[in-house]
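Report on the following structure.
Just so it is clear, none of the values below were taken in a lab; they were calculated from the coordinates. In this text the structure is predicted, and so the values were computed from the model without any measurement. All Cβ positions, glycine included, derive from the backbone under ideal geometry; neighbour counts span all protein chains shown.
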Amino acid sequence: MSRTLLRALIACLLCTASPSAVFAAEGGLVLTPQPDLLIALLVFFLLLVVPVHKVLFAPLLRVLDEREEKIAGTRARAEKLERNASETLARYQSSVRQTRDEAELERRATLEEVRREAQRETAAARSEAEGRIEAARTEVDTALESARGGLRAQAEELARQAASQVLGRAL
């Protein structure tokens, strides 16, 4: 920083060392620098540079640096929170997906169990109905054979009676 200050001081001295005429727009006013006043102002300026730097610029720059550090820290925390939120959201979505998959598997298993139970009940009802039908058929067959036997006996008796009437004698 001292080199920049030294260069600025040399440029100011060169500009003021060579008198130049500056004319105003209307009046033709001639301005000539006063070297003793200029040197006094430069000395006063140089004397004020260090205290002003310590009192004004250094605290201001420090506050600006602290502010930049706070902003950078806050941004880093915000990015970390965003990453954490993204990870939490991903875990939540994965958990929801897994829970849905498990619920779907459980629903399918329950549905399959209900279907098997319905098939067992249908098969049991069918077996029972077939058993009843078979028992009814057996009962009908037994009744039919009994009726046939009874009818044969009656038919034979009627045939004897008819023959005895036709023949006029007992058989």
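Using the beta-carbon distance between Arg137 and Leu158 and R0 = 25 Å, what value does 1/(1 + (r/R0)^6) give for FRET efficiency, to the nearest 0.05?
The calculated FRET efficiency here is 0.25.
Compute the length gained on full extension between Leu105 and Lys54: take 0.36 nm times their separation in residues and subtract their Cα-Cα distance, giving the result in nm to one decimal.
Between Leu105 and Lys54, full extension yields an extra 10.9 nm.
Is there a quick way to get the dipole size of the chain? I mean about its Cα centre, with the Cβ of Lys and Arg at +1 and of Asp and Glu at -1; what is the value in debye to the nearest 20?
My answer is approximately 420 debye.
Looking at Thr99, Ala123, Thr32, which one has the Cα that reaches farthest to the positive end of the dipole of the chain (charges on Cβ: Lys, Arg +1; Asp, Glu -1)?
Of the listed residues, the answer is Thr32.
Do you know the relative contact order of the chain, to the nearest whole percent, from alpha carbon pairs under 8 angstrom that are 6+ apart?
6
Relative to the present Cα-Cα distance, how much length would full extension add between Thr74 and Thr122 at 0.36 nm per residue of separation?
Going from the current span to full extension adds 10.2 nm.
Treat the chain as a sphere of radius equal to its Kirkwood radius over Cα pairs and apply Stokes-Einstein at 10 °C in a medium of 1.306 mPa s; give the translational diffusion coefficient in µm²/s, rounded to a whole number.
The diffusion coefficient I find is 52 µm²/s.
Work out the charge dipole of the stretch 35-141 with +1 on the Cβ of Lys and Arg and -1 on the Cβ of Asp and Glu about the Cα centre, then indicate which of Val43, Ala78, Phe57 is farthest towards its positive end.
Of the candidates, Val43 comes out farthest on the positive side.
Any idea what angle helix 35-52 forms with the longest principal axis of the chain, computed on alpha-carbon atoms, 0 to 90 degrees, nearest 10?
Its long axis makes an angle of about 40 degrees.
Would you kindly state how much longer the chain becomes between Ala11 and Leu61 on full extension, computed as 0.36 nm times their sequence separation minus their alpha carbon distance, in nm to one decimal?
Difference between extended and current length: 15.3 nm.
Residue by residue through the stretch 87-96, which ³J(HN,Hα) values in whole Hz follow from phi under the Karplus form 6.51 cos²θ - 1.76 cosθ + 1.60 (θ = phi - 60°), with glycine and proline marked x?
So the J values, rounded to whole Hz, are 5, 5, 4, 4, 5, 4, 4, 5, 5, 5.
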